[in-house]
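So the structure is just underneath, and the comments pick up after that.
Readers should treat all values here as calculations from the given coordinates under stated rules, not as data from a laboratory. Because the structure is a prediction, the values reported are computed rather than measured. Cβ sites come from the backbone with ideal geometry, for glycine too, and all protein chains shown count toward neighbours.
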Amino acid sequence: MRRVVTHADLKKLADVSTSHFQLVDPALADEAVVLRGDFSQLCLRDGLYLHATEVHELHDLKTQSVQGPSLTFSIFLQGRISARIGERRFSLGRGAERSSQQFDATAISRARPETFVRQSRTGAHIRKVNVTVTPEWLENSGLDGAEDAAAVRRFARTHLAFGR
C-alpha cells in the first residue's frame, strides 16, 4: 500500500491489470501527487487481480485505459465514481440514493477489449475493493461444481453485462 500516489506511480500501478493507461486531463508532471491514502494493485496469480483503495483524490482527473476481456466485482464502502466502458456509462459506489446502505456491490463483464474512462473529483474519498478475473481464470477456477456456474459463465460472456 502507498500513502502518496504520484502520476508516475499511477501509470506503473495501472499496468498490472490494464494497458495503454493515460492521464487525459489535466496535464500533470510525473512527480505530481494525485492521491493520498492507501492504493494497492496486485496480480494475485495469473488472471486474478486485486485493486484496493482508501484514498482522497487531489485533482479532477480524467483517466483512460484499455481493459481486456474480464469480469470485475467491485465493493464500494465509501464514495462513488463516474466511469464509461466503451459507450456505456456507469455510476458506481455509494451515492445519495444508496446512502443508507453500508456498501455498494457490482459486477461488470467485458467480453472483448474495451476503453475504460474514469472521471475523478477533487476531495472525493474512495474506499473500494475490485477483484477482476480473466475468462481463462474463470474457466480454470473450479467453478464447475458451483450451483450457479452456468449463470456466472453466461454473465461473463455478455459484453458489458452489469449486476448490482
- Task: Place a +1 charge on the Cβ of each Lys and Arg in the stretch 4-163 and a -1 charge on the Cβ of each Asp and Glu, then give the dipole magnitude about the Cα centre in debye, rounded to the nearest 20.
- Result: 440 debye
- Extension gain Ala161-Phe73, at 0.36 nm per residue separation less the Cα-Cα distance, in nm? 30.5 nm
- Can you list the residues of the stretch 51-81 with backbone N under 15 Å from a point 7 Å past the Cα of Gln102, pointing along Cα to Cβ? 75-78
- For Leu50 paired with Val66, estimate the spin-label separation in nm (one decimal), with each label point 7 Å from Cα along the Cα-to-Cβ line. 2.9 nm
- FRET efficiency (Ser141, Lys12; Cβ distance; R0 35 Å; to 0.05) is 0.80
- Please tell me the relative contact order of the chain in percent, rounded to the nearest whole number, where contacts are Cα pairs under 8 Å and at least six residues apart. 25 percent
- Item | Under 10 Å, Cβ to Cβ, from Ala156 - net charge with Lys/Arg +1 and Asp/Glu -1 | +3
- Query: Using r as the Cβ-Cβ distance of Glu87 and Val24, and R0 as 22 Å, what FRET efficiency do you calculate, to the nearest 0.05?
  - Reply: 0.85
